[in-house]
Structure formats: C-alpha cells, structure tokens
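Participant: Encoded as structure tokens, here's the structure I'll be asking about.
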Amino acid sequence: NLGEGSYVVGLEPSTNRTSGRLDARARGELIELAAGETREYDLELGVLEGTEAVQRFTRRVGDLVSSTAR
C-alpha cells in the first residue's frame, strides 16, 4: 500500500531470486542449502527521497541489468 503515510517494507530470508525456484532452476542459479548449512549476506538499505531520486535510481538499476545481460 503506497497511500500517503502507509508505507510497509517486509524482509524475508531467501536463497534465490524472488521469481521462484523453477525460474532459478531454469537459469542454473538454484541454491539448495544442506541441513545445517548457512549463508551470510551483507545488506545495505537506504531511502530515496522524491520522485527524481527514484527515477535516477531506476535508471541506474536498469543500466546495471543491461550491462550484466551482455
């Protein structure tokens, strides 16, 4: 819900992309952890203030995705 004053963010643990296990398997990226196996990741969170900042970030991410797809 992106109504004014009603912002919610949920963080959930995952070993694969949000597109699911079937997609990860098809891409050859499926990660399966053995019993007791762990993974550690670093996460940086920030706030984009205003429409212009969001648009700049969206373009930057699009550029990164395009450059890694080559």
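Participant: Go through (1) β-branched (V, I, T); (2) modelled with pLDDT under 90; (3) outside any loop (DSSP other than H, G, I, E, B) and name the single condition T18 misses.
Facilitator: All conditions are met except number (3).
Participant: Kindly list the number of the only condition in (1) in a loop (DSSP other than H, G, I, E, B); (2) more than 28 Å from E4 (Cα to Cα); (3) not aromatic (F, W, Y) that fails for G46.
Facilitator: Going through (1) in a loop (DSSP other than H, G, I, E, B); (2) more than 28 Å from E4 (Cα to Cα); (3) not aromatic (F, W, Y) one by one, G46 breaks only (2).
Participant: Given the criteria within 15 Å of the chain's Cα centre (by Cα), in a loop (DSSP other than H, G, I, E, B) and surrounded by 10 or more Cβ atoms within 10 Å (Cβ to Cβ), does T58 qualify? Give the steps one after another, and end with the answer.
Facilitator: Values: within 15 Å of the chain's Cα centre (by Cα): yes; in a loop (DSSP other than H, G, I, E, B): no; surrounded by 10 or more Cβ atoms within 10 Å (Cβ to Cβ): yes.
When the stated conditions are applied, T58 does not pass them.
Participant: Another one. Exactly one of (1) surrounded by 10 or more Cβ atoms within 10 Å (Cβ to Cβ); (2) closer than 20 Å to T58 by Cα; (3) more than 16 Å from the chain's Cα centre (by Cα) is unmet by R27. Its number?
Facilitator: Here R27 meets the rest and fails (2).
Participant: Return yes or no: is S67 surrounded by 10 or more Cβ atoms within 10 Å (Cβ to Cβ), among the hydroxyl-bearing types (S, T, Y) and either assigned to a helix (DSSP H, G or I) or free of Cβ contacts under 8 Å to residues at least 12 places away in the same chain (or both)?
Facilitator: no
Participant: So A53 passes all but one of these: (1) assigned to a helix (DSSP H, G or I); (2) exposed (fewer than 10 other Cβ atoms within 10 Å of the Cβ). Which condition number does it fail?
Facilitator: (2)
Participant: Which of the residues spanning region 30-43 are exposed (fewer than 11 other Cβ atoms within 10 Å of the Cβ) and either touching a residue at least 12 places away in the same chain (Cβ under 8 Å) or within 30 Å of Y7 (Cα to Cα) (or both)?
Facilitator: Within region 30-43, E32, L33, R39, E40, Y41, D42, L43 meet the criteria.
Participant: Also, quick follow-up: Please go through region 21-43 and pick out each residue that is among the basic types (K, R) and in a loop (DSSP other than H, G, I, E, B).
Facilitator: Passing the criteria: only R39.
The values are calculated or read from the model by the stated rules, or taken from the named source; none is laboratory data. Not measured: the values here are computed from a predicted model. Virtual Cβ from ideal backbone geometry, glycine too; neighbours counted across all protein chains shown.
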